[in-house]
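One structure below.
The values are calculated or read from the model by the stated rules, or taken from the named source; none is laboratory data. Please read all numbers here as calculations on a predicted model, not as lab measurements. Glycine gets a Cβ as well: all are built from the backbone with ideal geometry, and neighbour counts include every protein chain shown. What goes into the accessible areas is simple: the full protein's heavy atoms, side chains included, and nothing from ligands, DNA or RNA. Shrake-Rupley method; radii C 1.70, N 1.55, O 1.52, S 1.80 Å.
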Amino acid sequence: MLENIRDYIFPKTIEAAVRRMYQGAPGSSIPFTGSIDLVYPLMTQAETLLDISRLGLDQITQKGHKIHIGGTVSFQQIKESSLLQDCLEGMIPKAASIYASRGQRNITNLHDTLISGTNYFDLLTVLVVLESKIHLHGKTRRILFLEKALKNGVGHGVGDEIVRELSFIKPRGRWKSSLQRVAVLDSDLSILSVAVMLKGNRKNCSEIRIAIGSGITHPSRFPDVEKYLAGKPLKTAVLKEAGSLVSQAIEPLDDLRASDEYRREMAAVLLEKAVEDCLKKGDSTR
Amino acid sequence: MKLKLQINGITKTYEVAPHVTLLNFLRSQGYHGPKSGCGNGDCGACEILLNGKPVNSCLVLAAHCEGGSILTIEGLGNPDNLHPVQEAFLEVAAAQCGYCTPGLILSAYALLMENPEPEESEIREALAGNLCRCTGYVKPVEAVQKAAQMMKKKAVSRKETESIG
């Protein structure tokens, strides 16, 4: 197993890691953080492993209104972060805590998740609803919306980029939020997850963001459904229509966890539940 | 490649191939407490503490641990001097075949180091990554509750001894 690996290096800087990544054939040197769990498929082609876990990318910080989550911050750190707990009623730590056990969360992070093309974690759904941006460092440095990065892939399929961090503007004003999911067990991967951020009340939805992930090709926003709901009273008939729109818009997976038909149906159910949950948390117009 | 590691309090330099998992490395060095189970991080039989944090050693490469410290079940206590968590597991009969027990005990130990008086829900969450096909989870949860009491008593009596001394 993995006998193709010849070298294991702790680069001293990100720049040194990037230089090394581009020395040989594409995919021959890959950045990772010590765990083989998610990155294994990339490792089968590699000769050199670049362990970037000691480059200081393991901090969660706030600068002004922006929150930065370093690429190598573990899911367990996200779960325990008081800074993130203070944001959107703790929706981000809640999403990170859903994944597996503590032993796995301690060795799983956004860098390895994203360069391996793993896109089924609820945490990604939540980061998409927050309009997070991803900061990538490869041949060039790129900053792009996470949703776009998830759609197009990070690291060009050979792991040739380092995820420096994810950042988002800490929601200001009276946003209410909800993460709803369906899974076989609480600790199991979601069959589908829906994250909603809402400003408004039952009589008027002034602003809404909807992201769906886990059981679709990649976590996505649904701008047409958001536009449909904005400015409308959040009555049952309106929510049913929004549910129907979202069911038509998603591209669900059809796999051993659930059929595409089931996921379409659950998208509508979970959207309605998420909106109702936000409304239950109070009027967010005042 | 050379690998400097502290295992159960003893620091040594080892020779290891870069692709070897921490689990295989530890077992090759005679630490048979961590067990090979699923190989996917799902069962927790291979759990050890790396720099004080529980991790699934089947998923981590040994090379990643350079300069770090590792605690396996062998370093927690020994048959003549069991750690209170080990004692509690014995007293409550929280083990049957024993395959999952090292992982369960280390998860419990990591929890109690951080949170000496955990709620039942916190115990269940801490043990969630350790699958047991023999006992179920009632006895291990009871054992952790008992261990918490034992550790509290020990800490109190140690304080009393210190103040008398």
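Values as computed for the structure displayed
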quantity: Criterion: among the small types (Gly, Ala, Ser), under 30 Å from B:LEU127 (Cβ atoms) and at pLDDT below 95 - qualifying residue of A:GLY173, A:GLY215; calculated: A:GLY215
quantity: Any chance B:GLY129 is free of Cβ contacts under 8 Å to residues at least 12 places away in the same chain and either out of contact with any strand residue (DSSP E or B) (no Cβ under 6 Å at 6 or more places or on another chain) or of a type in the set (Ser, Thr, Tyr) (or both); calculated: no
quantity: Given (1) away from chain B (no Cβ under 13 Å); (2) out of contact with any helix residue (DSSP H, G or I) (no Cβ under 8 Å at 6 or more places or on another chain), number of the condition A:LEU57 does not satisfy; calculated: (2)
quantity: Residue within segment A:10-25 that is farther than 12 Å from A:ILE162 by Cβ and within 12 Å of chain B (Cβ to nearest Cβ) present; calculated: yes
quantity: Residue within segment B:35-45 that is at pLDDT below 95, touching a helix residue (DSSP H, G or I) at 6+ places or on another chain (Cβ under 6 Å) and open to solvent by less than 40 Å² (accessible area, probe 1.4 Å) present; calculated: yes
quantity: Hits in segment B:44-74 - residues which are more than 14 Å from chain A (Cβ to nearest Cβ) and not in a helix (DSSP H, G or I); calculated: B:SER69
